[in-house]
Amino acid sequence: MSEIKDNRKKLGELGEKLALQHLIDLNYAILHCNWRCRTGELDIVAQDEETLVFIEVRTRRQTGTFGTPQESVDTRKQKQVRETAQVYLHHQRKYECKVRFDLISVIMSLQTELVRIDHLRHAF
């Protein structure tokens, strides 16, 4: 069971690296990766011009099982990301800024090669 968990963790880390490069290519300023607090973790916090963007990254293999990465961000997860973003804003003393919540979905082949990256702005 721990081997499956390790493989899933490695796949997630690879997806986050690919998402990070995608954002850098779009000229986003990366502020934090894997920012943690008591309410949860923010995968990527970035600046897109005047907007502070909280980005949830979801990675899946192209198997057709377990649904799409987008489907895995349910209302419970959205609520957790919003709550964690509130803690982040307070911690960083960012009280008067525009914010946005994006989702980057990364699809990998069974051989762990990139198939597709989808960047959904204003995802939730």
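The values are calculated or read from the model by the stated rules, or taken from the named source; none is laboratory data. Predicted model only: the values in this text are computed from it and were never measured. Cβ: placed from backbone, ideal geometry, glycine included. Neighbour counts: every protein chain shown. When the accessible area is computed, the model is the full protein with side chains, heavy atoms only, and any ligands, DNA or RNA have been set aside. Shrake-Rupley method; radii C 1.70, N 1.55, O 1.52, S 1.80 Å.
To the nearest 10 degrees, how steep is helix 2-25 against the longest Cα principal axis of the chain, on a 0 to 90 scale?
50 degrees
State in Å² the accessible area per residue of the chain; use a 1.4 Å probe, count heavy atoms of protein chains only, and round to the nearest integer.
Accessible surface, normalised per residue, equals 64 Å².
I need the calculated FRET efficiency for the pair Q47 and V115, taking r as the beta carbon distance and R₀ as 30 Å, to the nearest 0.05.
Efficiency at R0 = 30 Å is approximately 0.60.
Which whole-number percent gives the relative contact order of the range 6-67, counting Cα pairs below 8 Å spaced six or more residues apart?
This gives 28 percent for the range 6-67.
What do you get for the angle between helix 75-91 and the principal long axis of the chain? Use alpha-carbon atoms, 0 to 90 degrees, nearest ten.
On a 0 to 90 degree scale, this one is about 40.
What are the residues whose amide H is under 5 Å from the amide H of F124, where those residues sit 5 or more places off or on another chain and H is modelled from the backbone?
Under 5 Å from the amide H of F124: F101.
If only Cα atoms are counted, what is the Rg of the range 4-85, and what is its Dmax, in Å?
Expressed in Å, the Cα Rg and Dmax of the range 4-85 come to 13.3, 40.
Compare the peptides 11-22, 46-57, 29-40 by average per-residue count of other Cβ atoms within 10 angstrom and give them in order, highest first.
46-57, 11-22, 29-40
Tell me, what % of the accessible area of the chain is carbon and sulfur with a 1.4 angstrom probe?
Of all accessible area on the chain, carbon and sulfur atoms account for 49 percent.
Need one word for the range 46-124: rounded, prolate or oblate. Basis is the Cα gyration tensor (sqrt eigenvalues a ≥ b ≥ c); a/c below 1.5 gives rounded, then a/b vs b/c decides.
prolate
Only helical DSSP H runs with n ≥ 4 go in: add -39500 (n - 2.57) per run for the chain, normalise by residue count and round the 222 nm mean residue ellipticity to 500 deg cm²/dmol.
Result for the chain: -11500 deg cm²/dmol, rounded to the nearest 500.
About the Cα centre of the chain, how large is the charge dipole given +1 on each Lys and Arg Cβ and -1 on each Asp and Glu Cβ? Please answer in debye to the nearest 20.
400 debye
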